[in-house]
Amino acid sequence: MVLEMTDSSKLQVTLITGRTIEQGVGKEQGKFSEQYFDNVSVCHIDEADLSKLHIKEKANVLISTKYGSVVVRALKSLRGPHSGIVFIPYGPWANIVVNPETDSIGMPSLKGISAEIKPALNEPILSLEELLKEQFGR
């Protein structure tokens with residue numbers, strides 16, 4: 001995997017999304033619960049990439065793809081090493097940055113998405129209510 005540096009504060013990465021135990025447990029508490037928010041408004045990033053971005057764990061980052069951009073909290077991945085790969089659990093925050101088209105199969109492509117990640121230390125992570133309002137205007 002080639003990791004392309006665009007400047008000292010951005011990385012070109014491959015984004016993947018998927019289920020996590022924490023995401024599933026949070027969903028059981030309700031999608032408007034704090035537990036759900038804490039478990040899906042995050043990305044898991046390799047420790048080396050945190051260093052390349054000059055940020056610490058739990059810093060806010062902006063993830064952008066050709067489909068959209070979203071601010072999430074960066075967590076150090078417990079798996080790896082996997083420099084150049086960023087993981088976001090399934091949920092509304094991941095949905096912002098994945099291709100909404102399903103190509104007639106009923107499921108969007110949720111893996112292998114070209115993305116850019118950069119620090120967003122002064123930008124808030126939107127609540128589910130704020131995210132829905134921003135995306136759908138209500």
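Nothing in this text is a laboratory measurement; each read-out follows from the coordinates by a stated rule. Bear in mind that the values here come from a model prediction, so they are computed numbers and not experimental data. Virtual Cβ from ideal backbone geometry, glycine too; neighbours counted across all protein chains shown.
General remarks:
- Residue that is farthest from the chain's Cα centre (by Cα), among those in the range 44-67 that are assigned to a loop (DSSP other than H, G, I, E, B) and not basic (K, R): H54
- Note on the range 30-76: among residues that are among the small types (G, A, S) and buried (at least 20 other Cβ atoms within 10 Å of the Cβ), the one that is nearest to N122 (Cα to Cα) is A74.
- In the range 77-111, the residues that are surrounded by fewer than 17 Cβ atoms within 10 Å (Cβ to Cβ) and not in a loop (DSSP other than H, G, I, E, B): none
- Within the range 90-109, the set of residues being farther than 23 Å from K10 by Cβ and either touching a residue at least 40 places away in the same chain (Cβ under 8 Å) or not acidic (D, E) (or both) comprises Y90, G91, P92, P100, T102, S104, I105, G106, M107, P108, S109.
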